[in-house]
1. Cα to Cα, under 27 Å, and not fewer than 8 places away if on the same chain: which lysines meet these conditions relative to Lys2?
2. Treating only the Cβ atoms of Lys and Arg (+1) and Asp and Glu (-1) as charged, compute the dipole magnitude of the chain about its Cα centre; round to the nearest 20 debye.
3. Among all lysine pairs in region 139-254 that are eight or more places apart or on different chains, how many have alpha carbons less than 26 angstrom apart?
4. List every DSSP H helix in the chain whose Cα atoms extend 30 Å or more along the helix's own long axis and whose mean Kyte-Doolittle hydropathy is at least -1.0.
5. Of the accessible area of region 6-155, with the probe set at 1.4 angstrom, what percent is carbon plus sulfur?
6. Which of Gly11, Gly101, Gly31 ends up with the largest GNM mean-square fluctuation for the chain, with Cα atoms connected below 10 Å?
7. By the scheme Lys and Arg +1, Asp and Glu -1, what is the net charge of all other residues having a beta-carbon under 15 Å from that of Thr66?
8. Which lysines, on any chain, are close to Lys292 with Cα under 21 Å apart, when same-chain ones fewer than 8 places away are left out?
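The values are calculated or read from the model by the stated rules, or taken from the named source; none is laboratory data. Every value quoted in this text rests on a predicted model; they were computed, and no experiment measured them. All Cβ positions, glycine included, derive from the backbone under ideal geometry; neighbour counts span all protein chains shown. These accessible areas exclude ligands, DNA and RNA; they are computed on the full protein's heavy atoms, side chains included. Shrake-Rupley method; radii C 1.70, N 1.55, O 1.52, S 1.80 Å.
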Amino acid sequence: MKKIGVLTSGGDAPGMNAAVRAVARAGISKGMEVVGIQRGYVGLLNEEYVNMTARYVSGIIQRGGTCLYTARCPEFRNMEGVKKGKAVCDKLGIEGLVVIGGDGSFRGAGDLSSIGVPCVGIPGTIDNDIQCTEYTIGYDTAMNTCIEMIDKLRDTAQSHDRCSVVEVMGRKAGFIAVNVAIAVGAEAVITLERDYDLDAIAARMVKTMNAKEGKHHFIIVVAEGVGQTDVIAREIQDKTGIESRVTVLGHVQRGGSPTLRDRVLATEMGYHAVELLEQGIGNRIVGLKDGKVYDIDIQEGLAMKKPFLDHRYDIFYDTAY
Ligand code: ADP
Ligand code: F6P
């Protein structure tokens, strides 16, 4: 291919810039022209783009967010929108496209591939909820942000003998919650993937509060998909008598400078995506399998089921008290 495009789509994630940089630099070093499409599929349909030079991506590897901006594009969910996207690619001479985003973005990339624009997806989301990859760009940074914030909450919860109920992101997935709960030494974690029992959580808290060398402050991590974090906090307070406060970490988890893991994997994945397009191969998702970068057919990848961190969840439970 002589000319390829790159875009970021869906929720932003720290490390997306590192992936954009890798695609641009790898493409340029292989003699290609690289077009940066702004605001995801919205920008594709509106022909919002920049011709990327190696210098255009200088100084972004350490920055959160995405220099290409990102958006959600309802129009791209139907084939009319996708055909319009192909027409823009044809007009601009874009022969292949790298799509950095989540599974929704990959569905769009699959549709575009099916009508003749080979696309390669790179997993960029803090949630780590993409079926066919062990890792998604942004996950590590987001979890590190969570532990930094919750360590601070621990200080004040301890000083006031309170229970801090902290909601972390992850849409419907509890991957962030379980890892973060282990890393901050939380007393309970609540996710959608495993049943939870507020009576049992409260009973454990009361038992330790009444023990001679027990605990008098608590951290409970709740995955956002569970919903009603405020109701959970109120029930814990009613059942235990300990003052319980809610903190929703929210979008702070999506920002900030990416960790080494996110920068390096984003670079490896971006490079791999360009290698595929160089060979004329599209309709692939780049992912991590057994710790190595690999690629898989988009539809096959989207149809997979991701195992939950069951063993880690059990380890958490047995080391929480
Ligand atoms: P993510 O990629 O992070 O999962 P979204 O689900 O919001 O984020 O999807 C991002 C964009 O991908 C959507 O705004 C839309 O343009 C496109 N998209 C989502 N679902 C589909 C689909 N089923 N078919 C085609 N395009 C889709
Ligand atoms: O997919 C990333 C994510 O941050 C989820 O964890 C969260 O549910 C969602 O995006 C929030 O999306 P937004 O803030 O863009 O509405």
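1. List returned: Lys30, Lys83, Lys84, Lys86, Lys91.
2. So the dipole magnitude of the chain works out to roughly 780 debye.
3. Summing the qualifying lysine pairs gives 8.
4. 139-160
5. Of all accessible area on region 6-155, carbon and sulfur atoms account for 48 percent.
6. Gly31
7. +3
8. Lys305, Lys306
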